[in-house]
Amino acid sequence: MSDSRAALRYAKAILNLAGEKKATDVVEKDMRLVSSTISENKELQDFLANPVVKGSDKRDALLSVFKGCSKITEGTISMLVDNKRIGMLNEVALKYIILNEQLKGKDVAFVTTAVPLTADLEKKVLAQVGKLTGNTVTIENKVDENIIGGFVLRVGDLQYDASIANKLSNLKREFTNSL
């Protein structure tokens, strides 16, 4: 099973539990914190992916980093450590955010760009994505210089990659195949 499908299953289970406890918004706030912290911290990403570090050490470190989060979020961290899936914590958090927003009739558009979006460009992207989905949309902008230019847009399960890095990769593939 791919990590994406597994992350979706974990996120659905967490959303169901949060719904029963009437804490979906609290857990969403926690998941946004988890996602932004992991995305912005390369050392933390490497730490979570390191197979040499014990799971209990990863759990202790994460629980101290995210001290003050809800019991559901702490339980999620412990469950992922116990199941040896802690490396997918960021993806589970992102899937949870998407599922909860969809439950509220909203969508989250994840836009990856080489430079931060300007307010004007963000409005244009919101308008276009709103037309496509028919829902209220919020934007999460991630900056990644590796895409060189352009953007990568993810809304739910849809992804549109208009990055320069992707175009160069496609060009390289076409050139290699034609030899």
Open item on the list: What distance in nm separates the two pseudo spin-label positions at Ala162 and Glu174, each 7 Å out from Cα along the beta-carbon direction?
Closed with: 1.8
TODO: Report, to the nearest whole %, how much of the accessible area of the chain belongs to carbon and sulfur atoms, 1.4 Å probe, protein only.
DONE: 54
- [ ] Just report the Cα centroid separation between the range 108-173 and the range 7-42, whole Å.
- [x] 22
- [ ] Mind listing the long-range amide H neighbours of Asp107? Cut-off is under 5 Å, sequence gap 5 or more, other chains count too, H placed in the peptide plane at 1.01 Å from N.
- [x] Thr136, Val137, Thr138
TODO: Have a look at Val53, Val92, Val111 and tell me which one the Gaussian network model of the chain (Cα, springs below 10 Å) gives the largest fluctuation.
DONE: Val53
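What whole-number value in Å² describes the accessible area per residue of the chain for a 1.4 Å probe? Please report the intermediate quantities before stating the final value.
Working: 10970 Å² over 179 residues.
On a per-residue basis, 61 Å².
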Task: Count of Lys pairs (Cα-Cα under 29 Å; at least 8 positions apart or interchain) in the range 44-115 - done: 19
TODO: Alpha carbons only, please: Rg and Dmax for the range 36-87, in angstrom.
DONE: 10.4, 28
- [ ] With N set to the residue count of the range 61-179, report its C-alpha Rg divided by 2.2 N^0.38 Å to two decimal places.
- [x] 1.32
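The values are calculated or read from the model by the stated rules, or taken from the named source; none is laboratory data. None of the values given here were measured: they were computed from a predicted structure. Neighbour counts run over all protein chains shown; Cβ positions are idealised from the backbone, glycine included. Remember, those area values only see protein heavy atoms, side chains included, never the ligands or the DNA or RNA. Shrake-Rupley method; radii C 1.70, N 1.55, O 1.52, S 1.80 Å.
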